[in-house]
Structures are given as C-alpha cells and as structure tokens.
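Each remark here refers to the structure printed beneath this line.
Please treat every number below as a calculation from the coordinates, not as lab data. Everything numeric in this text was worked out from a predicted model, so none of it was measured. Ideal geometry is used to build each Cβ from the backbone, glycine not excepted, and the neighbour counts take in all protein chains shown.
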Amino acid sequence: MESRTVSESRVIKTGLVLPPDTNQHGTIFGGKVMALIDEVGAISAMRHAQKLVVTASIDSVHFINPAKLGDILTLESFVTWTGKTSMEVFVRVTSENPKTQVKKLTTTSFLTFVAIDENGKPSSVPQIIPETEEEKWLFETAVARRERRHQSKKEFESFLEL
C-alpha cells in the first residue's frame with residue numbers, strides 16, 4: 001500500500017457562529033464545536049484511507065478561547081499518525097472577529113478513526129508521511145499519545161468489570 005503525505009488529508013472548513021450555535025454567554029456551545037471536530041476529522045481520515053471510517057475515540061478536546069456570536073470559525077484537520085487500521089487526526093479550531101480580524105486559537109483535539117471495509121471490518125490504511133516541522137513533531141509524539149489512549153482504555157475496561 002502506497003504511503004500518503006499529511007497534506008493529502010488536510011481539510012479546512014469555515015463557517016459563522018450563528019445564534020442557534022450559542023449559549024447564554026453568547027459563545028458557541030462546546031458540543032457544537034465537538035460535532036464539527038468529529039466531522040472534519042472523519043473527512044481527513046477518509047481522504048487518507050480512501051475508505052469509510054468510524055470514530056474510535058476522541059482523545060482530547062481542549063477549549064482554549066471562546067468563539068463568540070458572529071465570529072468566523074475555521075477548523076483545520078489532518079492525519080498525524082497511522083497504525084495498521086487506525087489513524088490519529090489532529091484538529092485545530094480558530095475563531096476570527098470579522099470586524100477586527102483578530103484570530104484566536106479556540107480549540108484543539110486529537111481523535112482516532114478506524115478504516116472499515118465493505119463488511120464493516122477494520123481495513124488497512126496507508127502510512128503517513130509528515131513534511132512540515134509541525135507535522136513531524138506531531139508524528140514523533142504520537143506514540144506517547146497512543147500509549148496513553150491504550151492505558152485509558154484498559155482503565156475503563158477495568159471499571160466495566162465492577
């Protein structure tokens with residue numbers, strides 16, 4: 001299977017923060033941001049795998065700055081690491097005040113997706129080729145994140161046995 005570059009999986013989605021998206025503080029609902037993150041992350045994973053995918057985990061979501069009513073919201077996602085059938089995807093969300101053009105980092109997230117075949121079974125994915133310094137750093141630090149995911153899953157499975 002031929003390897004693919006990170007840039008081949010890159011997705012950028014832009015939209016406005018509208019009244020139905022906001023809470024009583026005039027900022028976007030966290031759940032709305034999470035749904036958008038899952039959507040763009042899945043598209044990146046599908047572009048990389050060239051197959052359908054399922055979300056295996058949302059490993060982290062860090063809300064850094066709020067996006068406000070009327071802000072321009074931009075989500076950027078790309079595959080950072082691949083296993084045999086799984087892919088780690090990084091999503092960065094920024095908000096921009098359209099009047100001042102001030103941009104802020106709003107949210108970051110790591111998700112894991114698994115490629116599936118026509119029978120719904122896990123399917124192999126191409127390896128990823130990082131190119132930029134950021135991509136290389138995310139690739140190099142992915143194994144530690146993967147180990148934390150596996151440890152967290154083991155802890156949760158122990159809880160289920162109670």
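Could you list, in sequence order, all residues of the range 14-34 that are under 21 Å from Asp59 (Cβ atoms) and loosely packed, with under 11 Cβ neighbours inside 10 Å?
Hit for the range 14-34 is Gly31, nothing else.
Kindly indicate which of Thr80, Thr94 is under 10 Å from the mean Cα position of the chain (by Cα) and assigned to a strand (DSSP E or B). Break it down stepwise before answering.
Working: Thr94 fails: under 10 Å from the mean Cα position of the chain (by Cα).
Criteria check complete, one pass: Thr80.
Does the range 13-37 hold any residues that are over 18 Å from the mean Cα position of the chain (by Cα) and among the charged types (D, E, K, R), and which are they?
Answer for the range 13-37, where residues must be over 18 Å from the mean Cα position of the chain (by Cα) and among the charged types (D, E, K, R): just Asp21.
Taking the residues in the range 36-77 that are closer than 28 Å to Asp117 by Cβ and among the small types (Gly, Ala, Ser) as candidates, determine which candidate is surrounded by the fewest Cβ atoms within 10 Å (Cβ to Cβ).
Result: Ser57.
In the list Glu131, Glu147, which residue meets the criterion of being among the charged types (D, E, K, R) and assigned to a loop (DSSP other than H, G, I, E, B)? It would help to see each step written out before you state the result.
Numbers: Glu147 fails: assigned to a loop (DSSP other than H, G, I, E, B).
Answer to the selection: Glu131.
Name the pairs whose Cβ atoms lie under 7 Å apart, with the first residue in the range 143-162 and surrounded by 10 or more Cβ atoms within 10 Å (Cβ to Cβ), the second among the hydroxyl-bearing types (Ser, Thr, Tyr), and 6 or more positions between them or separate chains?
Going by the 7 Å Cβ cut-off, the qualifying pairs are Arg149/Ser57; Arg149/Thr112.
One residue is enough: does the range 18-41 have a residue meeting the conditions out of contact with any helix residue (DSSP H, G or I) (no Cβ under 6 Å at 6 or more places or on another chain), part of a strand (DSSP E or B) and touching a residue at least 12 places away in the same chain (Cβ under 8 Å)?
Within the range 18-41, one or more residues are out of contact with any helix residue (DSSP H, G or I) (no Cβ under 6 Å at 6 or more places or on another chain), part of a strand (DSSP E or B) and touching a residue at least 12 places away in the same chain (Cβ under 8 Å).
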